[in-house]
Amino acid sequence: MPSQLRIGSLIGLTFLSAIALGSDDWTVLKQQGHDYVTFSNVAHFYQFPEYTRVSHTVSLRSDRRVIRAQTGTSELYINGVRFFTDFPILSSGNDELISAMDISKIIEPVMRPNRIKNSHKIETVVLDPGHGGTDNGASNRWGSEKSFAMDVASNVRRELIKAGYKVEMTRMGDKAIGLEERVNFANRFPNAVFISIHFNSSGSAEGLETYAVAPQGVASNMTNEKHASSGNTTWCQGNAQDEHNIALSAAIHASVLSRLSIFDRGVKHARFHVLRNIKVPAALIECGFLSSAAEGQRIATAQYRQQVGMAIAQGIQNYDAAVNFRGTGQTFAQAKTRLPAHSRPITEPLSAYVPPEPTHVDQPSISISAGE
Ligand SMILES: [Zn+2]
């Protein structure tokens with residue numbers, strides 16, 4: 001039996017105490033050396049009226065949101081959008097458990113983005129098309145990652161300028177730029193966000209991945225990219241923005257999912273070099289796999305890259321609106337997270353997933369949005 005302790009009596013509970021309203025809000029259990037809480041505690045804290053457990057799958061439901069998770073996995077679905085947790089979902093007696101780290105670094109900032117501290121209206125969006133010059137990144141018969149990433153970035157830039165943002169690019173032409181140089185460039189701009197744009201490559205894999213830097217003490221989730229180091233789990237500059245990073249990543253990820261029928265590989269935490277030492281909120285998006293025959297061909301179409309660009313731009317604006325929402329009272333009910341409605345059960349094996357037919361372009365459903 002794990003020891004069950006009240007939060008107030010534990011040392012080092014900085015994660016949960018930051019979001020707790022009082023010392024009785026969370027009951028913490030030690031599991032595998034980490035702090036965990038029960039999903040019934042999560043349901044209570046976030047006021048989910050419905051809480052069900054069916055064969056190791058927990059579902060928390062309210063009229064607007066659904067959180068689902070399955071014991072033994074490191075996956076969490078918030079309104080159908082997939083997140084990789086920092087520690088596994090566990091089972092203990094009568095309840096499923098989630099780590100305090102995952103509450104504070106994923107659930108809380110995604111559910112209540114307007115409560116994230118030190119939010120500013122975005123003035124400048126720094127776009128970072130991956131690779132360049134002699135570094136082509138991944139490639140397929142239709143082209144290279146460096147060119148596709150630049151085209152997506154140009155589309156994002158156009159949309160954001162239209163929406164009134166200042167936009168800076170880490171590279172404008174086909175130039176080789178060091179990772180440190182990209183970071184140093186972005187760090188010059190106050191009230192900015194940084195978005196690094198890439199494409200994946202790995203066998204026949206498909207889908208969308210979005211990354212925020214891994215929090216202190218957390219190893220990277222699986223990644224195919226070369227520019228990440230998984231071993232180091234010490235604090236880095238980017239960790240000062242953990243909550244903003246995940247909210248930004250989730251907003252962009254959900255926006256792209258809502259606009260394009262693309263497989264959801266999840267929002268993840270990883271120590272990409274361009275995310276580690278950045279001072280402003282930052283995300284890295286992998287907009288599909290060049291190595292997949294079908295997806296690779298799709299990425300080669302200007303229409304796909306335009307849709308991705310528009311969706312990323314929309315996601316950035318959704319994030320900006322969500323973290324800066326200041327309604328009267330800022331109550332839980334007013335800080336709404338509207339991710340796309342979940343489309344498939346978490347119990348369905350991933351291998352059974354068949355991407356839906358591309359649908360006509362519609363207004364993207366708002367991903368993370370504060371207020372009505
Ligand atoms: Zn890349």
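Counting neighbouring Cβ atoms within 10 Å and putting the fewest first, the residues 64, 141, 305, 157 line up as 141, 64, 157, 305.
Along region 175-184 the Karplus relation, 6.51 cos²θ - 1.76 cosθ + 1.60 evaluated at θ = phi - 60°, assigns HN-Hα couplings of 10, 7, 10, x, 5, 5, 4, 5, 5, 4 Hz to successive residues, with x for each Gly and Pro. Applied to region 237-250, the Karplus parametrisation 6.51 cos²θ - 1.76 cosθ + 1.60 on θ = phi - 60° returns per-residue 3J(HN,Hα) values of 3, x, 5, 4, 10, 3, 5, 5, 4, 6, 5, 5, 4, 5 Hz, with x for Gly and Pro. Applying the Karplus relation 6.51 cos²θ - 1.76 cosθ + 1.60 with θ = phi - 60° to region 26-34 yields 3J(HN,Hα) values of 10, 10, 9, 10, 7, 9, 6, x, 10 Hz, where x marks Gly and Pro.
Values in this text are rule-based calculations from the coordinates and carry no lab data. Worth saying up front: this structure is predicted, and the values here are computed from it rather than measured. Positions of Cβ are backbone-derived with ideal geometry, glycine not excepted, and every protein chain shown enters the neighbour counts.
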